[in-house]
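Input: a single structure, listed below in structure tokens.
The values are calculated or read from the model by the stated rules, or taken from the named source; none is laboratory data. As the structure is a prediction and not an experimental result, all values here were calculated from the model. Every residue, glycine among them, receives a Cβ derived from its backbone with ideal geometry; neighbour counts consider all protein chains shown. To get the accessible areas, we keep the full protein, side chains included, count just its heavy atoms, and leave off ligands, DNA and RNA. Shrake-Rupley method; radii C 1.70, N 1.55, O 1.52, S 1.80 Å.
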Amino acid sequence: MQTLVFWLLFLTFVGAFAAQVARRVQLIGAAPNTFSTDTFSFRARRFLLDVIFQLRTIKERPVAGVAHAFVFWGFVAFGGYTLTEFLRGLGIVDQTHSGWFNAYRTVLAPFAVAVLGGILYLLIRRAFVRPVGLGTKVSLESIVIALFIATLMITFLLTFRLEEGTMAERANWWLHMIVILAFMALIPASKHFHLVVSPITVFLKSPELGNLPNLDFEKEQVGLETVKDLGSKSVLDAFTCVECGRCQVNCPAWGAGKELNPKTIILQTQEALLTGERERKLGELYSEKVLWQCTTCGACENQCPVGIEHLPILIGSRRGLVSNGDAPEYLGAMYNNLERRSNIWGLGYDQRAKFVQAAGLETFDAAKHDVLVWLGCAGSFDADFQKSLRSLFAILRAKDVKFGVLAKERCNGDPAKRTGNEYMFQELANGNIEELKAAGAKKILTSCPHCVKTIGNDYRKFGYEVEILHTSVFVEQLLRRDGARIDSGPAAAGASPDGGTRETVTFHDPCYLGRYAGNVDEPRALLTRFGADIKEPERNRENPYCCGAGGGLLFADKEEEPGSRISDVRFKQLQATGANTVVTACPFCSIMLKGAQASAGADTQFVDLMTFVKDRL
Ligand code: SF4
Ligand code: SF4
């Protein structure tokens, strides 16, 4: 009789679980396939670190992360126990009196205590502490799930106390099994579905942060217009979100008071999928205004503990808008500049030629030069940034590095790509690839982190592979090779190289250098080596706060934006370090932060990293 009752309960709850999972699997299967398993070893390593060792979860929020890790490890450890009890309940086989099962139970006891401690901590945090990223509403479903898990652990621990065959022992067993079944039925309809899918989502996450595969125009791909255009990985992402809010609290747009919230984007996607709104326009679902607020800084994707990729959705939707002629007006002007003059400011290339001549630069010749210096739009036309390039040239000449520049350079295409104008990006990229191939460049240097990402990663999708380094990385390697002379100099003795006192500076990590390329040590090594005491700002290294220029927002009409400007927020964070000198290593960061400084009426000095080094070399 008991077995029959258990079978009925089992079929009811497992049926509910399977029906909900099938609905989600069907939605994933109906989406255009965007799954990829290339670079298997990278994915396997990340799976090990982020899923098995829970490192990403622990890294940002150590206490909550460890509590979560206890629950996860316990969930895995209890897998065999649960299965054995199910087989017993269903009358298939009873192994619960075997020697191995008793030993296994004993091993599980410390896990149960850890899970109980972890889940109670998370319950208190969710229900009473309420960190901002978790939202303002207390989620009833989270409370129920936490109580279920606590009940499972308590009923398990009671098995060591209760005598077998007693009424109390039977009641305890039934409670344990019914809670597991109810838990299973609740999982797919809640954020706890991540227990099932997040290991797959983490494995399928692209190894490249902000990965935006090329559109294939021959296949008439135009980007994402409606919910049904979302790729299979994005649909899987929508069902994986654990609503932790890490993406939200790290998003500079949200931090500056704008409407964009990456967590909301994922939850809106999930709701639209589950309510069958396949034909809903994405510009309407998320709102066009919100879509244009993203700087593509990558913080959301990078922080997400369960492998969700926001940028394919955000930029994919921008692509859909652009293909329908729905880009904001300020982008129209930039596109016009790119189309007519191949640079974001629409300036004549005679100005670049004048700079090249005045700086005494040679046209790159693979037989003669070690490296090709890529000037970029800022290096070609922005007088302020050209000072930084002159510093770079002085360093290279002082160290006898032979370098040249291309006779002709177009914008690398980053502002077109990340605002969704894929057609324009591909035009620019193909033109540049032709020039670079013709020049025979094997190693490229650039002072623009956006050029590093675009030429290094996006051009690879056209089959063009080249080594491209940010100048901070190249110069640091160069000077380290020459280290004896520098390290034995006065800087190593606690004074600046000219014998004066060390200078207090703060360093603003550009998103595309720190987060995307992971080059966080090289700029600091250079600064320290040349007499700087670095005061780290809030949000630094691999998780910097954006300057607000990325994703084409350098050109946005800032007056119309709600909340503070992202650059104002960042400038205040830099000011709060107390350092009067801010060192930057990206032309766009420099433009944005100087603008914020001017608005604040502050007397902070901005120095580009190359100029800082050159002045002290
Ligand atoms: S890329 Fe940056 S700005 Fe865009 S949604 Fe993510 S965190 Fe926000
Ligand atoms: S998208 Fe990722 S980081 Fe953002 S709330 Fe969901 S799980 Fe957390």
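In summary, residue 423 fulfils each of the numbered conditions (1) touching a residue at least 60 places away in the same chain (Cβ under 8 Å); (2) aromatic (Phe, Trp, Tyr); (3) open to solvent by less than 10 Å² (accessible area, probe 1.4 Å) with the single exception of condition (3).
Scanning the stretch 303-314 for residues that are more than 10 Å from ligand 2 (Cβ to nearest atom) and touching a Ser or Thr at 6+ places or on another chain (Cβ under 7 Å) returns 311, 312, 313. So which residues in the stretch 492-526 are at pLDDT 95 or above, crowded, with 16+ Cβ neighbours inside 10 Å, of a type outside the set (A, V, I, L, M) and assigned to a loop (DSSP other than H, G, I, E, B), if there are any at all? Answer for the stretch 492-526, where residues must be at pLDDT 95 or above, crowded, with 16+ Cβ neighbours inside 10 Å, of a type outside the set (A, V, I, L, M) and assigned to a loop (DSSP other than H, G, I, E, B): 508, 509, 510, 515, 516, 519.
Of all residue pairs spaced 6 or more apart or on separate chains, those with beta-carbon atoms under 8 Å, a first member in the stretch 517-534 that is among the aromatic types (Phe, Trp, Tyr) and a second member that is in a loop (DSSP other than H, G, I, E, B) are 530/496; 530/497; 530/617. Any chance the stretch 51-62 includes a residue that's touching a helix residue (DSSP H, G or I) at 6+ places or on another chain (Cβ under 9 Å) and on the phi > 0 side of the Ramachandran plot? Within the stretch 51-62, one or more residues are touching a helix residue (DSSP H, G or I) at 6+ places or on another chain (Cβ under 9 Å) and on the phi > 0 side of the Ramachandran plot.
Please determine, by comparing only the residues of the stretch 245-302 that are aliphatic (A, V, I, L, M) and over 23 Å from residue 553 (Cα atoms), which one is nearest to ligand 2 (Cβ to nearest atom). The selected residue is 267.
Could you tell me how many of the residues in the stretch 428-453 are assigned to a helix (DSSP H, G or I) and in contact (Cβ under 8 Å) with a residue 12 or more places away in the chain?
15
Within the stretch 211-270, restricting attention to residues that are more than 16 Å from ligand 1 (Cβ to nearest atom) and polar (S, T, N, Q), the residue that is nearest to the chain's Cα centre (by Cα) is 240.
Of everything in the stretch 29-51, what is in a helix (DSSP H, G or I), of a type outside the set (D, E, K, R) and either in contact with a Lys or Arg (Cβ under 9 Å, 6 or more places away or on another chain) or open to solvent by 70 Å² or more (accessible area, probe 1.4 Å) (or both)? Give them in sequence order. Residues satisfying the conditions are 30, 40, 41, 42, 48, 49.
Checking each residue in the stretch 567-617 for being free of Cβ contacts under 8 Å to residues at least 24 places away in the same chain and acidic (Asp, Glu) picks out only 603. Regarding residue 403, is this residue under 19 Å from residue 349 (Cβ atoms) and among the aromatic types (Phe, Trp, Tyr)? Against the criterion (under 19 Å from residue 349 (Cβ atoms) and among the aromatic types (Phe, Trp, Tyr)), residue 403 does not qualify. Within the stretch 84-116, the set of residues being under 37 Å from the mean Cα position of the chain (by Cα) and either open to solvent by 20 Å² or more (accessible area, probe 1.4 Å) or of a type in the set (S, T, N, Q) (or both) comprises 110, 111, 113, 114, 116.
Residues are listed down the side, and each one gets a yes or a no for (1) under 23 Å from residue 388 (Cα atoms); (2) open to solvent by 10 Å² or more (accessible area, probe 1.4 Å):
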| site | (1), (2) |
| --- | --- |
| 535 | yes, yes |
| 564 | no, yes |
| 571 | yes, no |
| 594 | yes, yes |
| 607 | yes, yes |
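Residues that are in a helix (DSSP H, G or I), under 22 Å from residue 82 (Cα atoms), open to solvent by 20 Å² or more (accessible area, probe 1.4 Å) and out of contact with any Cys (no Cβ under 6 Å at 6 or more places or on another chain) occur in the stretch 120-132; there is at least one.
Please enumerate the residues belonging to the stretch 133-150 that are open to solvent by less than 40 Å² (accessible area, probe 1.4 Å) and in a helix (DSSP H, G or I).
Matches in the stretch 133-150: 133, 134, 142, 143, 145, 146, 149, 150.
For the stretch 320-341, a residue qualifies if it is among the hydroxyl-bearing types (Ser, Thr, Tyr) and open to solvent by 30 Å² or more (accessible area, probe 1.4 Å), and the qualifying residues are 323, 330. Taken together, the residues in the stretch 357-371 that are under 24 Å from residue 607 (Cα atoms) and either among the acidic types (Asp, Glu) or surrounded by 21 or more Cβ atoms within 10 Å (Cβ to Cβ) (or both) amount to 0. Counting only helices (runs of 4 or more DSSP H) that fall entirely inside the stretch 177-274 and contain at least 2 residues that are open to solvent by 10 Å² or more (accessible area, probe 1.4 Å) and polar (S, T, N, Q), the qualifying elements are 262-274.
Among helices (runs of 4 or more DSSP H) entirely within the stretch 531-617, having at least 1 residues that are out of contact with any Asp or Glu (no Cβ under 6 Å at 6 or more places or on another chain) and among the small types (Gly, Ala, Ser) singles out 566-575, 587-600.
For the stretch 514-549, a residue qualifies if it is in contact with a Ser or Thr (Cβ under 8 Å, 6 or more places away or on another chain) and closer than 14 Å to residue 476 by Cα, and the qualifying residues are 519, 522, 523, 526, 530.
Scan the stretch 203-216 and give yes if some residue there is more than 26 Å from residue 414 (Cβ to Cβ) and in contact with a Lys or Arg (Cβ under 9 Å, 6 or more places away or on another chain), otherwise no. Yes, because at least one residue in the stretch 203-216 is more than 26 Å from residue 414 (Cβ to Cβ) and in contact with a Lys or Arg (Cβ under 9 Å, 6 or more places away or on another chain).
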